[in-house]
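Read through the structure below, which is laid out as structure tokens, and then see the notes.
What follows draws every value from the coordinates through simple rules; no lab data is involved. The structure presented is a predicted model; accordingly, all values stated were derived computationally and were not measured. Cβ sites come from the backbone with ideal geometry, for glycine too, and all protein chains shown count toward neighbours.
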Amino acid sequence: MQARLNAKEESPEGMRALGTLHGFIHRCGLDQNLLELVKLRASQINGCAHCIDMHAKELRASGETEQRIYLLNAWRESPQYTPREQAALAWTEAITLIPTSHVPDEVYEAARKEFSGPELVNLTLAIVAINGANRINIAFRTTPGSHVLAGR
């Protein structure tokens, strides 16, 4: 696969704006491993190889187990995930697949049991941000494997 263009070079201001949203999400108070699981799951659904590689690396670096990374696309059948993580993953899938799901009430109710109002808004912003990043990286064929962990 050949990269089409570098979005950061072509629209630095636009990509900085998206980066600002990602920065807010990083500081919003939600658990970083939970956010990385959400980002990886959305990226799996969207088929974004660059982001799958990136978020799997981030999870490994933070100490996440290989088993939980490998089982993520089958999280419903695995006892590896907490009720809070399950609610976040169901919310992620519903938001990512919004044209077909329209975010069912039962998914919302499960998420509200696990997340406060501000937390759920911030989780939703994280899902919006990763779906945006997936679409940019897929559209412009960002090379998978190019993500380097910060400070390493």
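Applying a 4.7 Å Cβ-Cβ cutoff to the chain, the cysteines left without a disulfide-compatible partner are Cys28.
What's the exposure ranking of His55, His102, going from fewest to most Cβ atoms within 10 Å?
If I rank by nearby Cβ atoms, fewest first, I get His102, His55.
Taking a ≥ b ≥ c as the square roots of the eigenvalues of the Cα gyration tensor of the chain, is the shape rounded (a/c under 1.5), prolate (a/b larger than b/c) or oblate? Prolate shape, in that a/c is at least 1.5 and a/b is the bigger ratio. Full extension of the chain segment joining Gln2 with Gln80 gains 24.4 nm, where the gain is 0.36 nm per residue of separation less the Cα-Cα distance.
Each stretch of four or more DSSP H residues adds -39500 (n - 2.57); spread over every residue of the chain, this sum gives -21000 deg cm²/dmol at 222 nm. Contact order, relative form, for segment 11-139: 35 percent (alpha carbon pairs under 8 Å, 6 or more residues apart, mean separation divided by residue count). A Förster radius of 25 Å combined with the Cβ-Cβ distance from Gln32 to Tyr70 puts the calculated FRET efficiency at roughly 0.80.
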